[in-house]
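Below: one structure in structure tokens.
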Amino acid sequence: MIIPILLALFLSIIHFFFESYAHHLKKIDFSFISFSSGLFITYIFLSLFPELLTGHSLLGTNVFFIALWGFILFHILEQYVFKYIEDDRNKLKGIIGVRTSAFFINHVVLGLALVFFFKTGKITLGYFSIVPIFSHILSSSLIIEHLHHRVRETLLGRIISSGSLLLGAIIGSIAIIPGPIYYGLFAFMTGVLLYIIIRDTMPTFKQGTPKYFLTGVILYILLLFVESIIV
């Protein structure tokens, strides 16, 4: 599984250096984030969800139940911070902590998913996943920049953040996981990713740019069309 690790390493290096420049892109970030959101939400619905159907043969309808709990648990965690931390300063720290941790887990999950496609013989999908993953990790850097730029001012913080994708790929490559457990984890990861993209990544109200969002959607559909021709 050297290829997905090399791909994850390449994306992690780009991520590391991009974080140094994220604060320079505030004037165009919502347009890019809208584009990335359209690309990634299409990736979830048209690539990740169909993979859950493969897991259905091993886990039955439980595979969708597991995906639901991935979504629910992250929602409950964020709501807990909002409702049960009374001090505004600590609440802000809690929200920043939850969302920064969510993006870290998000990137680990994407690293696992990248390896997953190669392990299950979906080589073309694995390569094509680079496009939505690439745009998503860049947009998540911009979002964290808006939340709190000091989160990643330290070298260690940048290494941990950018290395999370590579960490997920390494774990996925060396771990020997039975099929049912693999698809269970994949379902949970899909639920987590769906929550993150809807709650924390997609621009809201006036911040969003529909034409860029639709451009992202159309681009990934075109990529799938190209994939169908190649395969």
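So Leu156 clears everything in (1) part of a helix (DSSP H, G or I); (2) in contact with a helix residue (DSSP H, G or I) (Cβ under 9 Å, 6 or more places away or on another chain); (3) modelled with pLDDT under 75 except one condition, right? Which one?
Leu156 satisfies all of (1) part of a helix (DSSP H, G or I); (2) in contact with a helix residue (DSSP H, G or I) (Cβ under 9 Å, 6 or more places away or on another chain); (3) modelled with pLDDT under 75 except (2).
Let me ask another. Which of the following residues is at pLDDT 75 or above, in a helix (DSSP H, G or I) and crowded, with 21+ Cβ neighbours inside 10 Å: Leu219, Leu165, Leu214?
Just a single option satisfies the conditions, and that option is Leu165.
In the range 116-140, which residues are buried (at least 20 other Cβ atoms within 10 Å of the Cβ) and under 14 Å from the mean Cα position of the chain (by Cα)?
Those that are buried (at least 20 other Cβ atoms within 10 Å of the Cβ) and under 14 Å from the mean Cα position of the chain (by Cα): Ser129, Pro132, Ile133, Ser135, His136, Ile137, Leu138, Ser139, Ser140.
For residues in the range 39-88 being among the aromatic types (Phe, Trp, Tyr) and surrounded by fewer than 16 Cβ atoms within 10 Å (Cβ to Cβ), which is modelled with the lowest pLDDT?
Taking the candidates together, the pick is Tyr84.
May I ask you to list pairs of residues, at least six apart or on different chains, whose Cβ atoms are under 7 Å apart, with the first in the range 42-71 being in a helix (DSSP H, G or I) and acidic (Asp, Glu) and the second being buried (at least 21 other Cβ atoms within 10 Å of the Cβ) and at pLDDT below 90?
Between residues of the range 42-71 that are in a helix (DSSP H, G or I) and acidic (Asp, Glu) and residues that are buried (at least 21 other Cβ atoms within 10 Å of the Cβ) and at pLDDT below 90, the close pairs are Glu51/Phe186.
Could you check Ile171 against (1) surrounded by fewer than 16 Cβ atoms within 10 Å (Cβ to Cβ); (2) modelled with pLDDT under 80 and say which number it fails?
Here Ile171 clears every test but (2).
The values are calculated or read from the model by the stated rules, or taken from the named source; none is laboratory data. It should be emphasised that the depicted structure is a prediction, and the values quoted were computed from it without experimental measurement. As a convention, Cβ positions derive from the backbone with ideal geometry for all residues, glycine included, and neighbour counts pool all protein chains shown.
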